[in-house]
Amino acid sequence: MRSTWIRGTVRSQLDAQIMAFLSKHARATKPLIDMRVAIRNENGEIYRLIIADGVIEMIRADKFLVSIGCIEESTDEFDSLFRVPL
């Protein structure tokens, strides 16, 4: 998994937990299939994009985000979209 912070946006209060999870699941190689997981901050703006290597890694990220209280939202733009709790 890789992650990108979107410049000009405010990081979530949960960002340290999210980054700790991502550092445990980091990949040095380029993913074969990019699955994009977007995260909205407390202001409702998308502030971080996770690039997972395939469906299994995307599900792993989804489960983690739910476990810390994030709420899944519907999207046509990303493979999954989450909002951190207020």
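Values in this text are rule-based calculations from the coordinates and carry no lab data. Predicted, not measured: the structure shown is a model, and the values here were computed from it. When we count neighbours, we look across all protein chains shown, and the Cβ atoms used for this are built from the backbone with ideal geometry, even at glycine.
Some observations on this one:
- Across the options ASN41, GLN13, SER74, the greatest Cα extent toward the positive end of the charge dipole of the stretch 2-83 (unit charges at beta carbon of Lys, Arg, Asp, Glu) belongs to GLN13.
- Mean residue ellipticity (222 nm) of the chain, computed from DSSP H runs ≥ 4 via -39,500 (n - 2.57), nearest 500: -8500 deg cm²/dmol
- Sparse packing (at most 10 other Cβ atoms within 10 Å of the Cβ) combined with a DSSP loop state is found for the following trypsin sites (Lys or Arg not before Pro) in the chain: ARG7.
- Degrees separating the helix 15-24 axis from the principal Cα axis of the chain, which is the longest one: 10
- Relative contact order (percent, whole number), the stretch 2-83, Cα cutoff 8 Å, 6+ residue spacing: 32
- Beta bridges by DSSP in the chain, antiparallel share as percent, to the nearest 5: 80
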